[in-house]
Amino acid sequence: MDSTGTEGIQGRPATRGAKEVVLRYFDALVAGDRDAIRDSWAEEGSCWYGGDLPISGTWQGRDQVINGFLATAFAHLDPDREVGARVTNIFGEDEQVSVEWDSWGTGRTGRAYRQKNTAIFTVRNGAIVSMREYADTQHWERALVADRG
């Protein structure tokens, strides 16, 4: 199947290309488009984030990725202040996509959050089946987690 949106092999509908799926996901995150975010993930999708943070670990299944990982991350941001993300680099081949992006916001702590992120996505049948995200976890903690003391 191709990624042009035209008919695929033997009349089957074509699926979106892997990079297109990932870029659509980032657009949906920035726009707060919950339906498009949900549609971006395969039901069995998984997300991994390193470190010892509230978002760290493996989140298995689309509902856990959205209602666990993403909800927990956004719960640490001040919803009354600007929150954003901008893809700065994307490349991939077949089902693997590597993305670099800048993200920003203000924590509920009142501290500024400015992060450079990298993730490896795997896309199959037009949906994200896995994401492994790498970032400065110390900055995430300093900016977004209330003082532990």
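A short reminder: the numbers here are calculations on the coordinates, not readings from a lab. Just so it is clear, the structure is predicted and the values come from calculations on it, not from any experiment. Because the Cβ atoms are built from the backbone with ideal geometry, glycine has one as well, and the counts that use them run over all protein chains shown.
Structure summary
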{"read-out": "Added length on full extension, which subtracts the Cα-Cα distance from 0.36 nm per residue, Q96 to A36", "value": "19.6 nm"}
{"read-out": "The chain: angle of helix 18-31 to the longest principal axis, Cα-based, in degrees nearest 10", "value": "40"}
{"read-out": "Nearest-20 debye value, the chain charge dipole, Cβ charges on Lys, Arg, Asp, Glu", "value": "320"}
{"read-out": "Listed residue (N67, T122, G51) projecting farthest to the positive dipole end of the chain, Cβ model", "value": "G51"}
{"read-out": "Relative frequency of Cα-Cα separations exceeding 23 Å in the chain, percent", "value": "36"}
{"read-out": "For D136, distant residues with modelled amide H under 5 Å away", "value": "K116"}
